[in-house]
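The values are calculated or read from the model by the stated rules, or taken from the named source; none is laboratory data. This structure is a prediction, so every number in the text was calculated from the model and none was measured. For neighbour counting, all protein chains shown are included, and Cβ atoms are generated from backbone atoms with ideal geometry for every residue, glycine included.
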Amino acid sequence: MIKIKPVLTEKSIADAKNGKYTFWVPRGLNKPKIKKVIGEIFGVSVKTVSVMNYKSVVKTSIWRRRKTVQPARKKAVVVLKGKDKIDLFAGEEKKKK
């Protein structure tokens, strides 16, 4: 099973109104696989997929006693065909009001 997690920020929710949906995806997935998985999970037809890779980052605390590591990640922005929608992003918008 492939884990796909939605990115729920102000910008991603605003983009969802225009048909662009943002997800964190496993680093091993390429664009055709992301397109296939999103289509199967949400039952929509995907037009395009854009991908951004993030490197892992090591952050140190103010006194340099503790180091935290943010793992490497991949973010995918998916544009849907026609008037397809993913209700997951619309639900977050209603909760905020």
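A few points about this structure:
- Any pair with Cβ under 9 angstrom, 6 or more apart, that starts in region 6-29 at a residue that is in contact (Cβ under 8 Å) with a residue 60 or more places away in the chain and more than 17 Å from Asp84 (Cα to Cα) and ends at one that is of a type in the set (Lys, Arg) and not in a helix (DSSP H, G or I): Val7/Lys75
- Residue among Val51, Val78 that is aliphatic (A, V, I, L, M), buried (at least 16 other Cβ atoms within 10 Å of the Cβ) and touching a helix residue (DSSP H, G or I) at 6+ places or on another chain (Cβ under 8 Å): Val78
- Complete set of residues in region 61-75 that are among the polar types (S, T, N, Q) and either surrounded by 10 or more Cβ atoms within 10 Å (Cβ to Cβ) or closer than 19 Å to Lys11 by Cβ (or both): Gln70
- Qualifying positions in region 1-14 - surrounded by fewer than 18 Cβ atoms within 10 Å (Cβ to Cβ), at pLDDT 90 or above and either under 22 Å from Glu40 (Cβ atoms) or hydroxyl-bearing (Ser, Thr, Tyr) (or both): Lys3, Ile4, Lys5, Pro6, Val7, Leu8, Thr9
- When residues in region 25-65 are screened for being of a type in the set (A, V, I, L, M, F, W, C), more than 12 Å from Val78 (Cβ to Cβ) and under 12 Å from the mean Cα position of the chain (by Cα), 1 of them pass.
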